[in-house]
Amino acid sequence: MFKGIMGLLAGACALAGPVMGQQPETQQVRAAVLRVDETRLPPISRLDLPPADLGFAGARLAIEDNDTTGRFMGQDFEAVEVTATPETAAAEMDKIIAGGIQFVVVLADDATTLALADQAGDRAMLLNARARGDTLRGADCRFNTIHVAPSHAMLTDALAQFLMWKNWPDWLLVHGSHPDDQALAAAWRRSAAKFGATIVEERVFTDTGGARATDSGHVQVQAQMPVFTQRAPDYDVLIAADESDIFAPYLPYLTWDPRPVAGSAGLVPRSWHPAMEAWGGTQYQNRFERMANRPIREEDYQAWLALRIVGEAATRTRSADPAELRQFILSDQFDVAGFKGQKLTVRDWDHQVRQPILLTTGVLTTSVSPQDQYLHQTSALDTLGIDRPETECSF
């Protein structure tokens with residue numbers, strides 16, 4: 001009898017695998033965050049000066065979050081931080097890939113993001129955490145790129161829904177003279193047509209390259225902006241399309257007619273805001289601020305979400321194999337939490353991350369889109385941005 005019991009115990013131990021106390025081999029999940037810094041004019045407001053750890057701070061918080069679960073799963077997460085210029089970005093990408101890293105979070109403009117995607121090819125998956133251009137999700141889409149940053153179309157649709165809910169359908173559109181401004185203006189035209197708004201007039205604010213931050217700057221602007229916006233047809237709200245940060249912050253309270261400002265100033269659509277408190281946002285903000293000693297920026301949230309996508313895939317698949325993780329992220333089984341009240345997923349037609357958009361002022365979140373009255377046969381989140389029937393993307 002005793003021998004029989006011992007035999008059963010021995011068999012159970014054999015099925016259980018390693019003896020108690022023996023640790024399984026840790027799975028290493030490696031990624032990189034590549035931030036491409038351009039030489040630009042300082043922002044209009046000194047409050048908008050970019051911190052040295054912009055994007056990287058969000059990535060560090062994501063690695064902490066990934067490791068919290070990873071400790072119990074036998075997984076260890078790492079994110080290498082790399083800075084580059086547009087001229088050195090390609091070389092840095094080659095170094096990252098040569099080091100065996102196959103997930104790269106990219107904080108760069110549209111052109112650089114596209115060039116890096118083409119350079120990486122099938123050697124790495126890029127997670128776009130900054131570039132907003134609609135063509136990156138359309139005619140210039142790439143299969144190896146996931147767009148964590150919301151597109152222009154998503155941002156303009158989110159605000160358009162709110163403006164139509166407010167019954168403010170008549171817009172004066174003022175856009176800048178740079179290509180990025182014109183691309184954003186095109187998104188506003190599309191949103192107006194989509195939701196039934198009317199652009200009563202368009203005006204172009206030409207960047208003359210003059211000094212913006214001078215002792216007398218506010219005096220010049222106080223005289224200039226009312227004149228620039230006078231004699232417009234009757235309108236409900238002024239929409240500013242100013243990706244280049246040349247003029248929009250000057251518009252509130254300085255328009256000729258007493259009208260609200262939205263878009264690039266006033267009521268602004270964002271992926272995240274440092275005052276967001278709903279859906280666990282307070283705890284998220286507190287953790288970030290304790291770590292970084294500053295409020296969070298959109299780039300931080302987007303870099304955090306990009307690495308959380310990788311971490312969530314690794315946890316759910318219990319794998320560190322990049323090919324397996326990529327396949328799962330792009331499957332209809334994947335979703336990730338983002339402190340926005342619902343699960344975030346990846347669109348299969350252009351690899352854009354579906355997500356609610358916050359409509360914010362300087363100090364709080366006014367609303368969150370999609371608005372309740374806008375329905376969709378698949379997901380209300382697909383009322384924001386380019387839907388499947390409209391896409392120009394072809395992988």
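The values are calculated or read from the model by the stated rules, or taken from the named source; none is laboratory data. Computed from a predicted structure; not experimentally measured. Note that we place each Cβ from the backbone using ideal geometry, even for glycine, and neighbour counts take in every protein chain shown. The protein model used for the area step is the full one, side chains on, heavy atoms only, and it has no ligands, DNA or RNA in it. Shrake-Rupley method; radii C 1.70, N 1.55, O 1.52, S 1.80 Å.
Computed quantities for the displayed model
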| quantity | calculated |
| --- | --- |
| Accessible-area ranking of E201, E87, E298, largest first, probe 1.4 Å | E87, E201, E298 |
| Helical contribution to [θ] at 222 nm, DSSP H n ≥ 4, -39,500 (n - 2.57), averaged over the chain, rounded to 500 | -11000 deg cm²/dmol |
| Accessible area (Å², 1.4 Å probe, nearest 10) - F334 | 10 |
| Probe 1.4 Å - accessible area at T361, Å² to nearest ten | 50 |
| Under-5 Å amide H pairs with R354, H placed in peptide plane, nonlocal only | T345, V346, R347 |
| Label-point gap, in nm, between R318 and N286 - each point 7 angstrom along Cα→Cβ | 3.4 |
| Vicinal HN-Hα couplings computed from phi for the range 107-119 (Karplus, 6.51 cos²θ - 1.76 cosθ + 1.60; Hz; Gly/Pro x) | 10, 7, 7, 4, 5, 5, 4, 5, 5, 5, 5, 5, 5 |
| Mean-position separation - Cα centroids, the range 284-353 and the range 361-395, in angstrom | 19 |
| Accessible surface, per residue, of the range 310-395 when the full set of protein chains is kept, probe 1.4 Å, Å² | 47 |
| Solvent exposure, largest accessible area first (probe 1.4 Å, DNA, RNA and ligands not counted), of D348, D122, D387 | D122, D348, D387 |
| Choice from R354, R142, R294 with maximal GNM fluctuation in the chain (Cα, 10 Å cutoff) | R294 |
| Segment D372-A139, extension gain: residue separation times 0.36 nm, minus the distance between their alpha carbons | 80.8 nm |
| Whole-percent carbon and sulfur share, accessible surface of the range 153-270, 1.4 Å | 53 |
| Within a Gaussian network of the chain (alpha carbon springs, distance under 10 Å), most fluctuating of D67, D234, D48 | D48 |
| Net +/- balance of residues flanking L34 in space, Cβ distance below 12 Å, scoring K and R +1, D and E -1 | -1 |
| Pairwise centroid distance, computed over Cα atoms, of the range 41-92 with the range 128-195, Å | 25 |
| Accessible area per residue in Å² at 1.4 Å probe, computed on the range 153-270 | 45 |
| The chain: C-alpha gyration tensor shape, a/c 1.5 cut-off, then a/b vs b/c | prolate |
| Listed residues L49, L305, L116, most fluctuating in the chain (Gaussian network, C-alpha, under 10 Å) | L49 |
| Amide H within-cut-off set for I199, under 5 Å, with H built and near neighbours excluded | W171 |
| For the range 330-344, Karplus couplings with θ = phi - 60° (6.51, -1.76, 1.60), whole Hz, Gly/Pro x | 8, 8, 7, 8, 8, 7, 8, 7, x, 6, 10, x, 7, 6, 9 |
| Built amide H within the under 5 Å cut-off of V80, gap 5+ | A31, A32, V33 |
| HN-Hα J in Hz across the range 287-295 - Karplus 6.51, -1.76, 1.60, θ = phi - 60°, x for Gly and Pro | 5, 5, 5, 5, 6, 9, 6, 6, x |
